[in-house]
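J.: This structure is in structure tokens; I'll ask about it shortly.
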């Protein structure tokens with residue numbers, strides 16, 4: 001039990017528990033898909049006045065905002081009480097690759113070279129802003145993200161989701177092997 | 001209100017799972033895209049395989065939701081161009097900031113407040129999509 005609380009969880013446990021999460025949402029009459037929350041946020045903020053895409057009854061997606069609030073609390077609990085900030089130990093070959101990028105391996109969850117707030121950096125700000133734009137624009141255009149397509153969609157054997165996941169990997173590999181080396185040189 | 005608490009609890013559960021499995025780590029995503037660890041593939045693979053079994057079980061047993069209605073799993077529209085092109089755009093962002101939408105929120109709970117910039121920017125990105133939607137291939 002102590003091990004379960006304080007040590008990182010193995011992949012098979014996490015995989016099964018993600019499906020438990022999918023089941024619980026289906027049982028509650030909803031579908032698992034987190035990027036929809038960005039759209040809901042746009043609607044709540046009144047984007048429906050400018051673009052009809054956001055003009056719908058967002059109250060039907062209120063549950064998603066509550067669920068998202070829950071995930072934040074879950075993150076807080078795991079980090080505060082379950083040793084959530086244990087260093088993330090990556091493989092030796094990843095370590096070497098990180099050193100070439102001047103990113104220190106085996107930090108906590110996020111590299112301070114991107115997410116650190118100890119000083120202001122235009123470059124870091126740009127990475128976060130551009131990254132967010134790509135995520136928000138891309139997920140809506142693709143009609144889903146990792147949760148809606150890779151988990152829910154593939155579980156339901158949907159071809160559009162397979163196409164989307166192939167797209168995720170094309171973009172991810174391009175960023176990892178072409179752009180990240182340029183950005184962190 | 002009472003219904004809301006159920007979603008809050010499921011969200012808490014999901015937040016703990018992704019944190020404890022380190023899915024919310026930039027390093028795990030970077031390692032995944034470099035194919036240097038099985039961890040993330042194991043997680044997604046297990047979730048998909050058990051998910052397929054779950055969906056088949058639900059469909060074949062006509063499993064009912066909490067409201068007593070048969071669970072209906074809506075199909076994604078077949079907008080292959082959008083799935084692929086939007087998917088590529090999202091993949092670029094995912095690998096850069098090392099977090100997809102779920103983990104972005106979870107990381108706020110972990111005290112990484114810089115992710116709020118990513119989330120606000122993502123909401124704006126979704127807004128831009130809404131503006132340009134009619135001009136994009138789907």
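Read the figures in this text as sums done on the coordinates, not as results from a lab. Keep in mind that what you see is a predicted model, and the values were worked out from it rather than measured. Note: ideal-geometry Cβ built from the backbone for every residue, glycine included; neighbour counts use all protein chains shown.
J.: Which Rg and Dmax, in Å, describe the Cα atoms of the range A:54-147?
T.: Answer for the range A:54-147, Rg first and Dmax second: 17.4, 50 Å.
J.: When only alpha-carbon atoms count, how far does chain B stretch along each of its three principal axes, as whole angstroms with the largest first?
T.: Dimensions of chain B along the principal axes of its Cα atoms: 42, 40, 38 Å.
J.: If one computes the Cα centroid of the range A:151-185 and of the range A:74-113, what distance in Å separates the two points?
T.: The distance from the Cα centre of the range A:151-185 to that of the range A:74-113 comes to 22 Å.
J.: Show that you can apply the helix-only estimate: for chain A, add -39,500 (n - 2.57) for every DSSP H stretch of four or more residues, divide by all residues, and state [θ] at 222 nm to the nearest 500.
T.: Mean residue ellipticity at 222 nm (helix-derived): -17500 deg cm²/dmol.
J.: Treating each Cα of the range B:61-138 as an identical point scatterer and ignoring solvent, apply the Debye formula and state log10 I(q)/I(0) at q = 0.24, 0.25 Å⁻¹.
T.: Debye output, listed in q order: -1.07, -1.12.
J.: Could I have the simple spin-label model distance between residue B:5 and residue B:49, label points 7 Å from Cα toward Cβ, reported in nm to one decimal?
T.: The modelled label-to-label distance comes out at 3.8 nm.
J.: Given a Förster distance of 35 angstrom, what is the FRET efficiency for residue B:136 paired with residue A:117, based on the Cβ-Cβ distance and rounded to 0.05?
T.: After rounding, the FRET efficiency stands at 0.50.
J.: Any idea what % of Cα-Cα pairs in chain A are farther than 24 Å?
T.: Summing the P(r) of chain A above 24 Å gives 55 percent of all pairs.
J.: If you take the alpha carbon radius of gyration of the protein assembly as shown and divide it by 2.2 N^0.38 Å, what ratio comes out, to two decimals?
T.: So the protein assembly as shown has a normalised radius of gyration of 0.94.
J.: Given R₀ = 56 Å, what would the calculated FRET efficiency be for residue A:57 paired with residue A:3, taking r from the Cβ atoms and rounding to 0.05?
T.: Rounded to the nearest 0.05, the efficiency is 0.75.
J.: In square nanometres, what is one fourth of the surface area of the convex hull spanned by the alpha carbons of the range A:1-86?
T.: Taking the Cα atoms of the range A:1-86, their convex hull projects to 7.1 nm² on average.
J.: What is the list of residues in the range A:88-116 whose amide nitrogen lies under 16 Å from a point 7 angstrom out from the Cα of residue A:179, following Cα to Cβ?
T.: A:114
J.: So, one more: In terms of the ratio Rg/(2.2 N^0.38 Å) built on C-alpha atoms, what value belongs to the range B:1-66?
T.: Computed over Cα atoms of the range B:1-66, the ratio equals 1.46.
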